[in-house]
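Notes follow once the structure below has been shown.
Nothing in this text is a laboratory measurement; each read-out follows from the coordinates by a stated rule. Everything numeric in this text was worked out from a predicted model, so none of it was measured. Don't worry about glycine lacking a Cβ; one is built from the backbone with ideal geometry, like all the others, and counts go over all protein chains shown.
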Amino acid sequence: HTNLDNVSIAGVSTFTGNADFSAGIDVTGNAGVSGNISVGGVISIPDTIQHVNDTNTKIRFPAADTIQFETSGHDRICIKSDGKIGMGTDTPAVAIHHFSDGLNGKGFVFTNPNAKKSCGCGTSFAV
């Protein structure tokens, strides 16, 4: 067991067993880890969590207090700092804003299996 302070390593370093970086670690470039990573505090990510070999599926943090989910390279769900939720848009205009251009689905369909009658206008139903 050896304690090292202020060590600078250039090139590739391989650690076997457990490595304790409780005082912190800065990595410039890529860090590859096989196995599990346990974090007892905060993981700070500047923008994106991306799945390996699926570069167009992401969880993003594109602005302060904003989280965005992307699949197939498209914005799917965006939660803005004001709490507005956009589905199919990253600029929700109302509390829950669904955008469909006709190519990615029918939009929202509300089904109430307990509905006893409907006004026929498509905007309300009674239970």
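Here segment 1-106 has an Rg and Dmax of 19.7, 63 Å, counting Cα atoms alone.
For chymotrypsin sites (Phe, Trp or Tyr not before Pro), the sites in segment 20-106 that DSSP calls loop and that have at most 13 other Cβ atoms within 10 Å are PHE21.
Taking 0.36 nm per residue of separation and subtracting the current Cα-Cα distance, fully stretching the chain between SER100 and HIS74 would add 8.1 nm.
Taken along the Cα-to-beta-carbon direction at a fixed 7 Å, the label points for ALA23 and SER8 span 1.6 nm.
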